[in-house]
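Below is one structure; the comments refer to it alone.
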Amino acid sequence: MLWTGLWFKCPKSRSDMRWAGAWIVCAVACLVAPLAAPLAAEEPWVTAQGQGITAARFEAPDDSYPHRIMGTIPERRVLAVRDAQGREVRVDLREGPEPDHVFEDIAPRVVDADGDGRLDVVLVEADPTLGAQLAVYSLRQGRLVKAAATPHIGTRFRWLAPAAIADLNGDGVTDIAYVETPHLGKTLRVWSWAPGGLTEIARLSGVTNHRIGDEVIWGGLRDCGQGPEIVVADTGFQRLLAVAFDGPTLAARPLGLRATAAGFDQAMTCG
Ligand SMILES: [Ca+2]
Ligand SMILES: [Ca+2]
């Protein structure tokens, strides 16, 4: 916007007044337009079939926690969900008990996180001083509530990348796995439901599912006939590994595939 040469003459007649009004409107519009944030494209709904939440998306992108670990994907402040009847319910973090929190995730996951037969939302939520936590949102009597969450990592700009939501150890209870600090500590942590909420049941270091700036979380859950496995990359993001429970502990085995998009596709389709 070039403002060089802009001039304004004091109106002297009704005609001049109308022109002056037009100029003022124009001037205000021209001044305000560049200052207003560009309209962000709405994110697509993530959908699933079942009871409870059947669609979810993030809304209200902002810049309050400029971590930008996911490339151009910003943090967001609102989680919107729909139930099977199409009713929409929202949580605006700015209006809740943790108003500085943000959703720092690629997209919400619509999945039955606790095995009660009703679909929930699993996502990454971050505190500006304590970093990320994994959180579960559920519909309770028509309200969208944060039903459970893991502890925050403990430091600003520390992130986690969800990896799998399933009964990973075969005990009948749903488990949730993520890679904590996939660029630093590179630790796969598995949590399960116990009285009081999510409890850690296993961890394995030296794996990752994300590189700084990636706008995707790589790998994830597969079952190629040997039970549930989590596909991840090795610590150098060179080779692919399948991680599964071996008794009470996690064990990784090499898949003989490179950590490329094609390699992940092949691994996830049991190729
Ligand atoms: Ca559920
Ligand atoms: Ca389990």
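For this structure, a couple of remarks:
- Residue that is within 16 Å of ligand 1 (Cβ to nearest atom) and either acidic (D, E) or within 23 Å of the chain's Cα centre (by Cα) (or both), where the choices are W191, W218: W191
- Pairs with Cβ under 7 Å, 6+ apart, first in the stretch 117-139 and under 12 Å from D100 (Cα atoms), second within 14 Å of ligand 1 (Cβ to nearest atom): E125/A135
- Checking each residue in the stretch 74-105 for being outside any loop (DSSP other than H, G, I, E, B) and aliphatic (A, V, I, L, M) picks out V78, L79, A80, V81, V89, V91, L93, V102.
- Meets criteria (surrounded by fewer than 20 Cβ atoms within 10 Å (Cβ to Cβ) and at pLDDT 95 or above) for E43: yes
- Of the residues making up the stretch 51-103, those that are of a type in the set (D, E), under 20 Å from A41 (Cβ atoms) and either within 14 Å of the chain's Cα centre (by Cα) or surrounded by 15 or more Cβ atoms within 10 Å (Cβ to Cβ) (or both) are E59, D62, E75.
- Of the strands (runs of 3 or more DSSP E) lying entirely inside the stretch 206-271, those containing at least 1 residues that are small (G, A, S) and over 30 Å from F157 (Cα atoms) span 249-258.
- Restricting attention to the stretch 235-271, the residues that are over 19 Å from D167 (Cα atoms), among the aliphatic types (A, V, I, L, M) and either more than 24 Å from the chain's Cα centre (by Cα) or surrounded by fewer than 16 Cβ atoms within 10 Å (Cβ to Cβ) (or both) total 4.
- Residue within the stretch 224-231 that is touching a Ser or Thr at 6+ places or on another chain (Cβ under 7 Å), of a type in the set (D, E, K, R) and under 26 Å from P108 (Cβ atoms) present: no
- Lone qualifier among A177, A166 - being of a type in the set (A, V, I, L, M, F, W, C), within 16 Å of ligand 1 (Cβ to nearest atom) and modelled with pLDDT of 95 or more: A166
- Flag if G172 is without any contact (Cβ under 8 Å) to a residue 60 or more places away in the chain, within 16 Å of ligand 2 (Cβ to nearest atom), on the phi > 0 side of the Ramachandran plot and in a loop (DSSP other than H, G, I, E, B): yes
- A search for C-beta distances below 7 Å between a residue of the stretch 195-210 that is within 16 Å of ligand 1 (Cβ to nearest atom) and any residue that is aromatic (F, W, Y) and at pLDDT 95 or above, counting only pairs 6+ apart in sequence or on different chains, returns L198/W191.
- Here R109 qualifies as among the basic types (K, R) and within 28 Å of P195 (Cα to Cα).
- Of all residues in the stretch 106-121, those being within 7 Å of ligand 1 (Cβ to nearest atom) and either at positive phi or not in a loop (DSSP other than H, G, I, E, B) (or both) number 5.
The values are calculated or read from the model by the stated rules, or taken from the named source; none is laboratory data. What you are looking at is a predicted structure, and each value in this text was computed from that prediction instead of being measured. Heads up, the Cβs are rebuilt from the backbone with ideal geometry, glycines too, and the neighbour counts pull from every protein chain shown.
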